[in-house]
Amino acid sequence: MSENEKVLLITGAGSGIGAATAKLLAPEYRLVLSGRRIEPLEQLAEEIGGSDRVLVETCDVGEWDQVQALADSALNAFGRIDAVFANAGFGAGRGFLNESPEHWKSMVLTNVLGPALTIRATLPHMLERGDGHFLVTSSIAGRRVLPGSLYSATKHAATAIGEALRQELRGMDDGNRIKMTLIEPGMVDTPFFDNRPGDSALSDDDIARAVAYALEQPASVDVNEILVRPITQPL
């Protein structure tokens, strides 16, 4: 690796926003891609650069041992982590009488504990380097409450995690060069939805470009929140 070549770790990279971000930024970054299934990660890695430039690891972000192992693998492979995109997440149908308690539990662990554990596993390295960038996928649902939506509650938590990290970093002498960005998509046409919204929604590429925008800012600029709606979305 060149000393100037940066490393980006992406959770939830097997499809949707994570995969689109990996494709967009592959020319600029070495990549660490994680998800629950290895096959789509391996296919994506082959498409964007192969094992010389891309490390793939299975990881359930709700399990601390797996997240810690992911961070260790990234550092062993590339020696550094410059940016972390805590993107893994999934939803549930609205209504407190819908979905199973097991589905709810898995969603809460992934959407809430997932970004927290991802931060915990990688923050010591960034503090040691005195530099870095965290990005967390929240949602427009993390700004306003949706009727009967436990998913909305998990995204409010993700928003709070991101802002809590930003405030903590600003209060640390060794954390004042580490950035924090919340990515808050409106409706996006990705496999997240059982019934795809199609042309009325954003594409995953639209959100990937928002991630790239945050990452390309000068060292003195910390873009804290990016809310992106399709132009047809009223709320």
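Laboratory data are not the source of any read-out in this text; all were calculated from the coordinates shown. All figures in this text were calculated on a predicted structure; none of them were measured in a lab. Reconstructed Cβ throughout: ideal geometry from the backbone, glycine too, with neighbour counts over all protein chains shown.
Dividing the mean sequence gap of close Cα pairs (under 8 Å, 6+ apart) by how many residues segment 6-228 holds gives a relative contact order of 20 percent. Would you mind counting up the charge near SER106? Only other residues with Cβ under 13 Å from its Cβ, with Lys and Arg at +1 and Asp and Glu at -1. Result for the local shell: -2. Which of the three applies to segment 115-184, rounded, prolate or oblate, going by the alpha-carbon gyration tensor with a ≥ b ≥ c and a/c under 1.5 meaning rounded? Because a/c hits 1.5 or more and a/b exceeds b/c, segment 115-184 counts as prolate. Please report, to two decimal places, log10 I(q)/I(0) for the chain at q = 0.11 Å⁻¹ as given by the Debye formula with identical point scatterers on the Cα atoms and no solvent. Here log10 of I(q) over I(0) equals -0.52. Residues ASP189, ASP52, arranged from fewest to most other Cβ atoms within 10 angstrom of their Cβ, appear as ASP52, ASP189. Could you tell me which of SER106, HIS125, ILE226 has its Cα farthest along the dipole of segment 83-235 towards the positive end, charges placed at Cβ (Lys, Arg +1; Asp, Glu -1), taken about the Cα centre? In segment 83-235, that residue is SER106.
Listing ASP173, ASP131, ASP204 from fewest to most neighbouring C-beta atoms within 10 Å gives ASP173, ASP131, ASP204. Sparsely packed loop sites in segment 1-65 (the GluC sites (Glu not before Pro) outside DSSP H, G, I, E and B with at most 13 other Cβ atoms within 10 Å) comprise GLU3, GLU5, GLU28. Residue order for MET107, MET187, fewest other beta carbons within 10 angstrom first, comes to MET187, MET107.
Other residues with beta-carbon under 12 Å from the beta-carbon of ILE119 carry, at +1 per Lys or Arg and -1 per Asp or Glu, a net charge of +1.
A cut-off under 12 angstrom between Cβ atoms defines the neighbours of THR181, and their net charge, with Lys, Arg +1 and Asp, Glu -1, is -3.
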